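Beneath this line is the structure, given in structure tokens, with notes to follow.
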Amino acid sequence: MNKKTIIMLTAIICVVSVILVSIFGQVPNFQTNVLVKTIEIEGYLDKNGNVIACEKNNAGEDIIWLDKIEAGETSIVLKWKIKPNNASNPDVYFSTGIDDGSIVVSDQGIVTFYTSTRTNCVVTIKAKDGSLVFARVIIMKRASNDAPDDGVEL
């Protein structure tokens, strides 16, 4: 083989090597998707921004008690925590299962009562990351001594 052939073969091998390394030689990305494990409902924020903690009933369900519910004027802001803290997608969405517009929950977790006749609801918080993790909180009007509780509407 002459010198020109050796130089041409070397150049071709170098070009092919550069192409192969650029296609197959990339460092693999081992970043993992951290899913939500639990959603913990801490309570709700009062008018001063303080967290009012949930209570637990005998079944271990989270309950928020409200002293009064006035149509269009009673709103609470739910407070929750996603675990683990480093979840890849910590976003959640809210639902009440009530489609008549009497109780509405916003994307930010603000629950508003638009009627005073419905005295309770269940709010479900679901993770958006595909993990199927959810938490529920029951929001109820506290029965007063003057007006006995008329029953439970869910």
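The values are calculated or read from the model by the stated rules, or taken from the named source; none is laboratory data. Keep in mind it's a predicted model, so treat the numbers as computed, not measured. Note: ideal-geometry Cβ built from the backbone for every residue, glycine included; neighbour counts use all protein chains shown.
If the condition is being over 17 Å from Ile110 (Cα atoms) and of a type in the set (Ser, Thr, Tyr), then the range 43-93 contributes only Ser88.
In the range 57-88, which residues are touching a Lys or Arg at 6+ places or on another chain (Cβ under 9 Å) and in contact (Cβ under 8 Å) with a residue 60 or more places away in the chain? The answer is Glu61, Asp62, Ile63, Trp65, Leu66, Asp67, Lys68, Ile69.
The criterion of being at negative phi, under 26 Å from the mean Cα position of the chain (by Cα) and not acidic (Asp, Glu) does not hold for Thr5. Scanning the range 140-149 for residues that are at pLDDT 85 or above and either at negative phi or touching a Leu at 6+ places or on another chain (Cβ under 7 Å) (or both) turns up at least one hit.
From the residues in the range 29-56 that are closer than 13 Å to Val137 by Cα and touching a residue at least 12 places away in the same chain (Cβ under 8 Å), which one is surrounded by the fewest Cβ atoms within 10 Å (Cβ to Cβ)? Quick ask: steps written out before the conclusion?
Filtering the range 29-56 down to residues closer than 13 Å to Val137 by Cα leaves 39-44, 53-56.
Filter again for touching a residue at least 12 places away in the same chain (Cβ under 8 Å), leaving 39-44, 54.
Working: Ile39: 20, Glu40: 13, Ile41: 21, Glu42: 15, Gly43: 19, Tyr44: 23, Cys54: 21.
Only one residue tops the list, namely Glu40.
For residues in the range 96-132 being of a type in the set (Gly, Ala, Ser) and surrounded by 13 or more Cβ atoms within 10 Å (Cβ to Cβ), which is nearest to Thr74 (Cα to Cα)?
Applying the first criterion (of a type in the set (Gly, Ala, Ser)) to the range 96-132 yields 97, 101-102, 106, 109, 116, 127, 130-131.
Cutting the leftovers down to surrounded by 13 or more Cβ atoms within 10 Å (Cβ to Cβ) gives us 102, 109, 116, 127, 131.
Working: Ser102: 12, Gly109: 14, Ser116: 9, Ala127: 26, Ser131: 32 Å.
Selected residue: Ser116.
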